[in-house]
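What follows is a short report on a single structure.
The values are calculated or read from the model by the stated rules, or taken from the named source; none is laboratory data. Note that the structure is a prediction, hence the values are computed from the model and not measured. Please note: Cβ atoms are built from the backbone with ideal geometry, for glycine as well, and neighbour counts cover all protein chains shown.
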Amino acid sequence: MLIAAACTSGADLAQDSAETPACAATRQVAAEVEIFIEEMASTVVRVDADIDARVAGVSGRLRDLVGLAERGEDDTGLVERARQARTAFERWWSEFRDVHTPNPARPTPSAGQEGRSLLLSEAALQAFDVLLADCGAAIAVDDSRCDDLRPGANLSGCDLSGRDLRGVDLTGALLQLADLTGTNLGQASLGGADLAAADLVGADLGGASLADANLIGATLPGDLSGIDLSGAQIGAANLAGADLSGADLSGALLRAADLRGADLAGADLRGAILSAARLQGANLEGTILTDSSLSWAYLSDASLRGALIGESNLWRADLSGADLRGADLSGAELAFADLSGADLDGALLDGASWRETVCPDGALTDQGC
């Protein structure tokens, strides 16, 4: 989540136009929610009365935020996004509380419950990122900005749909909630640009660079093959069935992303964060996943033939039925992973870590399959 960056962008934009009370409250509440969720995920084992009281306080401020948005003028989009953020937070908390409340019948949460809690936490954080993007666009109201196509330009909320912007340099530009549907951005430089909640459906990104870009909440085109997305913040995006073959996603944040059936053949995902990502049935043949985080990832029936997965974290990953023939899993963390029905023929497993790992034949092992 990019709360700090969003707040900074908002401060810059506010120099041109005063921020609404709802957006000011949004930044405060979003920062509080991010800190709270991350604290819960990293330290809490069981929910107690003090934590319940903190949640009640956060929920109250979220209700107040929705009320502020509802009282604003011509801000129906903000109202809806504020409601969605509140709902996402409450859904996450309901799941988290159920998993982490003492229950004699369930001494420890299941991997599936923990994975769902992680997915919902990412959805909640993304909902606030989108809400912040809405504020960023809402306070930048001067339409004359939309022709200022240069690095670092403020183009938040601009309608750039269908335009021919081949080769344009928008490095570091603010494009929150921008309409880029059908826009030709071939060979464009968008490195470090803030495209949170932007609409890029049907856009041509052939040869474009989006390294370190913020794409949280953005609607992306289906063809992202060969594109530089290294270090990009993508989050829980819907990329099901997308073509990402040969793309550079090294160091990218794809936590909880929906990549079911996506084509990632030959893509570079080294160091990428794919925790709780849904990759069922995805094509990852020859993909570089070295040093990546795939804990709780769903890789059932995925093709990882010849993939380089060495030193990656596959803790509690679901690899059931996956094709891992010839894959390099040297030094990978496979504790609690499910490899039932997977094909490990020719796979390299030297130095891999095992703990209650389910082997292809269904047997549990701490020693290796």
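Quick notes on this one:
- No other residue among Arg116, Arg81, Arg86 is assigned to a helix (DSSP H, G or I), at pLDDT below 75 and buried (at least 18 other Cβ atoms within 10 Å of the Cβ) apart from Arg116.
- Scanning region 339-357 for residues that are crowded, with 19+ Cβ neighbours inside 10 Å and either touching a Cys at 6+ places or on another chain (Cβ under 7 Å) or not aliphatic (A, V, I, L, M) (or both) turns up Leu339, Leu344, Trp354, Thr357.
- Summed over region 319-355, the residues that are acidic (Asp, Glu), more than 18 Å from Ser293 (Cβ to Cβ) and either in contact with a strand residue (DSSP E or B) (Cβ under 7 Å, 6 or more places away or on another chain) or touching a residue at least 60 places away in the same chain (Cβ under 8 Å) (or both) give a count of 2.
- Qualifying residue in region 356-369 (condition: over 22 Å from the mean Cα position of the chain (by Cα), in contact (Cβ under 8 Å) with a residue 40 or more places away in the chain and more than 24 Å from Gly241 (Cα to Cα)): no
- Those residues of region 206-224 which are free of Cβ contacts under 8 Å to residues at least 24 places away in the same chain and within 25 Å of Gln280 (Cβ to Cβ), in sequence order: Leu215, Ala218, Thr219, Leu220, Pro221, Gly222, Asp223, Leu224
- Leading residue by the ranking (surrounded by the most Cβ atoms within 10 Å (Cβ to Cβ)) among those in region 273-293 that are within 14 Å of Gly251 (Cα to Cα), aliphatic (A, V, I, L, M) and at pLDDT below 95: Leu274
- Out of Asp143, Asp169, Asp129, one residue alone is modelled with pLDDT of 85 or more and closer than 28 Å to Ser209 by Cβ. It is Asp169.
- Hits in region 168-219 (condition: closer than 20 Å to Gly241 by Cα, among the acidic types (Asp, Glu) and out of contact with any Asp or Glu (no Cβ under 6 Å at 6 or more places or on another chain)): Asp204
- Filter result (under 18 Å from Trp296 (Cα atoms) and either of a type in the set (Val, Ile, Thr) or in contact with an Asp or Glu (Cβ under 6 Å, 6 or more places away or on another chain) (or both)) within region 333-363: Phe336, Asp338, Ser353, Trp354, Arg355, Thr357, Val358
- Of all residue pairs spaced 6 or more apart or on separate chains, those with beta-carbon atoms under 7 Å, a first member in region 230-247 that is more than 16 Å from Leu195 (Cβ to Cβ) and a second member that is part of a loop (DSSP other than H, G, I, E, B) and of a type in the set (Lys, Arg) are Ala240/Arg260.
- Any hit, region 200-222, residues being polar (S, T, N, Q), over 23 Å from Leu131 (Cα atoms) and not in a loop (DSSP other than H, G, I, E, B): yes
- Residue count for region 311-322, restricted to those that are under 17 Å from Cys369 (Cβ atoms), at pLDDT 95 or above and surrounded by fewer than 22 Cβ atoms within 10 Å (Cβ to Cβ): 2
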